[in-house]
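K.L.:
Input: one structure, supplied below.
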Amino acid sequence: MAKTSPDLASALLEQHVKHEMAALKGAKLRKAVAREVEELFRYAETLTLNRVCSTEQIMGVIRRLVVDMDLDAGIPELAGEMATEVLNADVQSNTPLKEVLSREQATAFLEEALELKHHRERVISSIMSHPVYQELVANVVYQGLVSYLYEDNLITKSVPAVGSMMKFGKRMANKAVPGLDETFERRIKAWLSDSLPGLISRSEKFLHQALTDDELRDTVMAAWVTLEDRTIAELQEGLGDIQLQEFVVLGYEFWLSFRETEYFDGCCQAVVDHLFAKYGDQPLSELLGDVGVDQGMVMAEVEALALPIVDVLREEGYLEEALRRRLSAFYKSAAVKKILQPDA
């Protein structure tokens, strides 16, 4: 017996590997996977989320894989290349906007936006109080006044040659009194400076009254009608490959810094805490059901992706090598030797 036990152990190993390899293909493999999926879903009816993992574990995964993991410099380059391919794909010039976003969907988004009336009023007030906007209003009013005084007022329009005489008089006055234009401009702008707060206040009140929900709805939908038949490529005109890649790089650099902020960590923590507060003591089947995961869905993905990968690994010899690595240690172990050589 002692002389034949090594050969017997090898023979058992070979038969075991052969048995497992036969089970890792075709209908047998699919049946085995389906059985395990069914068993896992049965356990999901009794196991709770808190039993399986904790908030600390999930936050640890997020911090390791999302926050702390070093991302190679090739990632933004690859992302830029892919974005360029998408931008230049034929589908861009063959797809009108309405096939991506329907009029009904656009209307629904608009209706939700119109509900944010308080935010709209706050945005208008912020724009009106901005120094750049106030300077723009002052310049527009100033240019309008000057144009009216010298060109477009009722007198110059109704009396022939008066406009020319006024311009001539202006030139002569400037010759006689150098700097008259500058003095006039300073006084007009001083008046504008004093009047500007009132002008801005009345403009803001006018916009709040004019930009009603009905007006905004009609304006936005009218603009939508002019855009919905245009292709995505037409809407992207002016955005070249270089600019797109630069935006991708900027977005990537923003993400690298944003993921390390306390704000991002706080948002993740809030989401994870809520998930465990809602589902922590519930069976995992409740969570899976609410996110739409069932046995049929899992098996569909297994058949579409996992089983073909197993076929390739079997054809390449990886599966048999992996089985031998795992089983050889057992068949060479002292426990097996003791069974095969009880008298040794």
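K.L.:
Of the residues ASP265, ASP273, ASP213, ASP281, only one is farther than 30 Å from LEU24 by Cβ and touching a strand residue (DSSP E or B) at 6+ places or on another chain (Cβ under 6 Å); which?
P.N.:
Only one candidate qualifies: ASP281.
K.L.:
Can we say VAL312 is open to solvent by less than 90 Å² (accessible area, probe 1.4 Å), of a type in the set (A, V, I, L, M, F, W, C), free of Cβ contacts under 8 Å to residues at least 60 places away in the same chain and assigned to a loop (DSSP other than H, G, I, E, B)? Break it down stepwise before answering.
P.N.:
Values: open to solvent by less than 90 Å² (accessible area, probe 1.4 Å): yes; of a type in the set (A, V, I, L, M, F, W, C): yes; free of Cβ contacts under 8 Å to residues at least 60 places away in the same chain: yes; assigned to a loop (DSSP other than H, G, I, E, B): no.
So VAL312 fails the test.
K.L.:
When only residues in the stretch 92-110 that are assigned to a helix (DSSP H, G or I) and without any contact (Cβ under 8 Å) to a residue 60 or more places away in the chain count, which is least open to solvent (accessible area, probe 1.4 Å)? Lay out the reasoning, then the answer.
P.N.:
Residues of the stretch 92-110 that are assigned to a helix (DSSP H, G or I), as a first pass: 92-94, 97-100, 103-110.
Filter again for without any contact (Cβ under 8 Å) to a residue 60 or more places away in the chain, leaving 99, 104-105, 108-109.
Working: GLU99: 131, GLU104: 134, GLN105: 88, ALA108: 54, PHE109: 138 Å².
Residue satisfying both the conditions and the ranking: ALA108.
K.L.:
Sort out which residues of the stretch 122-138 are open to solvent by 70 Å² or more (accessible area, probe 1.4 Å) and either of a type in the set (Gly, Ala, Ser) or more than 13 Å from SER201 (Cα to Cα) (or both), and write them in order of number.
P.N.:
Our first condition is that a residue be open to solvent by 70 Å² or more (accessible area, probe 1.4 Å); within the stretch 122-138, this holds for 122-123, 127, 129-132, 135-136.
If the condition is that a residue be open to solvent by 70 Å² or more (accessible area, probe 1.4 Å) and either of a type in the set (Gly, Ala, Ser) or more than 13 Å from SER201 (Cα to Cα) (or both), then ARG122, VAL123, SER129, PRO131, VAL132, GLU135, LEU136 are the ones that fit.
K.L.:
Could you tell me whether any residue of the stretch 84-93 is in contact with a strand residue (DSSP E or B) (Cβ under 6 Å, 6 or more places away or on another chain) and either under 27 Å from GLU215 (Cβ atoms) or at pLDDT 80 or above (or both)?
P.N.:
Just the residues of the stretch 84-93 that are in contact with a strand residue (DSSP E or B) (Cβ under 6 Å, 6 or more places away or on another chain), to begin with: 93.
With either under 27 Å from GLU215 (Cβ atoms) or at pLDDT 80 or above (or both) added as a condition, the list becomes 93.
Yes, the stretch 84-93 contains a residue that is in contact with a strand residue (DSSP E or B) (Cβ under 6 Å, 6 or more places away or on another chain) and either under 27 Å from GLU215 (Cβ atoms) or at pLDDT 80 or above (or both).
K.L.:
From the list GLY296, GLY317, exactly one residue is within 27 Å of LEU47 (Cβ to Cβ), without any contact (Cβ under 8 Å) to a residue 24 or more places away in the chain, among the small types (Gly, Ala, Ser) and exposed (fewer than 15 other Cβ atoms within 10 Å of the Cβ). Which is it?
P.N.:
Values: GLY317 fails: within 27 Å of LEU47 (Cβ to Cβ).
The match here is GLY296.
K.L.:
Oh, and also: Among the residues of the stretch 17-37, are any open to solvent by less than 50 Å² (accessible area, probe 1.4 Å), modelled with pLDDT of 95 or more and not hydrophobic (A, V, I, L, M, F, W, C)?
P.N.:
No: zero hits.
The values are calculated or read from the model by the stated rules, or taken from the named source; none is laboratory data. On a predicted model such as this, the values are computed, not experimentally measured, just so you know. Positions of Cβ are generated from backbone atoms using ideal geometry, with glycine treated the same way; all protein chains shown enter the neighbour counts. Quick note on the areas: whole protein, heavy atoms, side chains included, nothing else; ligands and nucleic acids left out. Shrake-Rupley method; radii C 1.70, N 1.55, O 1.52, S 1.80 Å.
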